[in-house]
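The structure appears below as structure tokens.
The values are calculated or read from the model by the stated rules, or taken from the named source; none is laboratory data. Keep in mind that this is a model prediction, so the values were computed, not measured. Glycine gets a Cβ as well: all are built from the backbone with ideal geometry, and neighbour counts include every protein chain shown.
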Amino acid sequence: MRKTLYYKGIQLPQLRSFCTVAAQGSFSAAAKVLGLSKPTVWQQVRALERELKVTLVKQGERGIELTAEGQLLLKLIQPHVSGLDSLVRLFETQRAELQQTLTIVSTPYLISHHLPAVIEDYAVRHPSVRLHLRTDAWTDHVVGLIDQRHADLGIAPYLRDETRQPTLEYVDLFDLQFTLLTARHHPLSRKRRVTPEDLVQFPIIKASSYNQRALEALLRRHNLLERMHVVMETGSTDIILKYVALGIGVAVLYMGGKEEPPPSGVHARPFDTDETAPLTVAMMVRKGAYLAEHVQDFCQTVRRLLAE
């Protein structure tokens, strides 16, 4: 048995259905024009009749005909319904011309070494979109900014065995490997296999976030943490690369993907250990969030240029 829908008060869809039935001469034709089912159009017109306590349409010899009350109502409301429909179209057109914004949050490393090509490509195609780029070294903070709606989306690394934020959707892009950075002619650059014991023989430039955690955990497992000589601590990969090239210290960082080769004077190689899991870089958005068309296009650009 079909459930009858009851409407409280006069509503625009009821008036629109009534005007369309009057113009088309049948419920079937009106439903086709409106993109609704015939029962829905019929229920809307009947609800309007109940609200006004009159009969508006009746079955005639050539289809649906308007009663005298129906003709009066049509005369009164048709200009307003047409005006409101025009207003909706006008609003949507001018809304699209409003200033569009896009807030992206990522880590300093990804912003500096992986996202420039994405940002450049997007900015050229969307010059009217106002971009706002935010950085934070810690993935937990990036996740928090997205979850609290301070950013439209984020791009950050995470460990796959970690618990994901349940309110976010993760789109995996590429992996970062634990990488040893030394000066071009450093003794470790020529060594066939570098061990944690080799590493602590030299000053270390210690990074932050996952880099720091992984390095300290590795050395702790080998009882070498107390022997580490930290010559510098910084969250900036660019600073690390500069001072590694100068021979001030060595560093072990998560790096990879479609990254530019290391600068002149820096030798990069995978750190030979099975004890450190790779990091996965993911694009993160809120589950179920409405993404405007210009935000969706940025997501597609990220996948096109970064995803492996």
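Only one of 175, 140, 147 is in contact with a Pro (Cβ under 6 Å, 6 or more places away or on another chain), charged (D, E, K, R) and in the same structural domain as residue 242 (by TED's automatic domain parsing); which? Walk me through how you get there before you give the answer.
Details: 140 fails: in contact with a Pro (Cβ under 6 Å, 6 or more places away or on another chain); 147 fails: in contact with a Pro (Cβ under 6 Å, 6 or more places away or on another chain).
After ruling out the rest, the residue left standing is 175.
Among residues belonging to the range 136-170 that are at pLDDT below 90 and either closer than 17 Å to residue 257 by Cα or hydroxyl-bearing (Ser, Thr, Tyr) (or both), point out the one that is surrounded by the most Cβ atoms within 10 Å (Cβ to Cβ).
Across the range 136-170, the extreme among qualifying residues is 160.
Give me the pairs, please: first residue somewhere in the range 179-198 and acidic (Asp, Glu), second residue anywhere and in a loop (DSSP other than H, G, I, E, B), beta-carbon distance under 8 Å, and either six or more positions apart or on two chains.
Pairs that qualify, where the first residue is acidic (Asp, Glu) and the partner is in a loop (DSSP other than H, G, I, E, B), are 197/222; 197/224; 198/191.
Could you tell me which of the residues 102, 131, 173, 180 is part of a strand (DSSP E or B), of a type in the set (A, V, I, L, M, F, W, C) and surrounded by fewer than 17 Cβ atoms within 10 Å (Cβ to Cβ)?
Result: 131 is the single residue among 102, 131, 173, 180 that is part of a strand (DSSP E or B), of a type in the set (A, V, I, L, M, F, W, C) and surrounded by fewer than 17 Cβ atoms within 10 Å (Cβ to Cβ).
Here is a list: 252, 285, 200. Which entry is surrounded by 15 or more Cβ atoms within 10 Å (Cβ to Cβ), in contact with a Ser or Thr (Cβ under 9 Å, 6 or more places away or on another chain) and not small (Gly, Ala, Ser)?
It is 252.
Filter the range 105-117 down to residues that are closer than 13 Å to residue 301 by Cα and in contact with a strand residue (DSSP E or B) (Cβ under 9 Å, 6 or more places away or on another chain) and give me whichever is surrounded by the fewest Cβ atoms within 10 Å (Cβ to Cβ).
115
Yes or no, residue by residue, for (1) modelled with pLDDT of 95 or more; (2) assigned to a helix (DSSP H, G or I); (3) within 21 Å of residue 108 (Cα to Cα):
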| site | (1), (2), (3) |
| --- | --- |
| 205 | yes, no, yes |
| 214 | no, yes, yes |
| 217 | no, yes, no |
| 223 | yes, no, no |
| 232 | yes, no, yes |
| 235 | no, no, yes |
| 244 | yes, yes, yes |
| 257 | no, no, yes |
| 261 | no, no, yes |
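Among the numbered criteria (1) out of contact with any helix residue (DSSP H, G or I) (no Cβ under 8 Å at 6 or more places or on another chain); (2) small (Gly, Ala, Ser); (3) not in a strand (DSSP E or B), which one does residue 282 miss?
Status for residue 282: all satisfied but (3).
Any chance you could count how many residues in the range 43-57 are outside any loop (DSSP other than H, G, I, E, B) and surrounded by fewer than 18 Cβ atoms within 10 Å (Cβ to Cβ)?
So the answer is 3.
Could you say which residue among 35, 70, 63 is exposed (fewer than 14 other Cβ atoms within 10 Å of the Cβ), more than 30 Å from residue 137 (Cα to Cα) and not assigned by TED's automatic domain parsing to the domain that holds residue 127?
35
I'm checking my understanding of the structure. Among residues of the range 86-110 that are touching a Lys or Arg at 6+ places or on another chain (Cβ under 9 Å) and at pLDDT 90 or above, which one is nearest to residue 212 (Cα to Cα)? Reasoning before the result, please.
As a first pass, look at the range 86-110 and keep what is touching a Lys or Arg at 6+ places or on another chain (Cβ under 9 Å): 99-106.
Next, only the ones that are at pLDDT 90 or above stay: 101-106.
On the way: 101: 34, 102: 31, 103: 28, 104: 24, 105: 21, 106: 18 Å.
For the range 86-110, the residue satisfying everything is 106.
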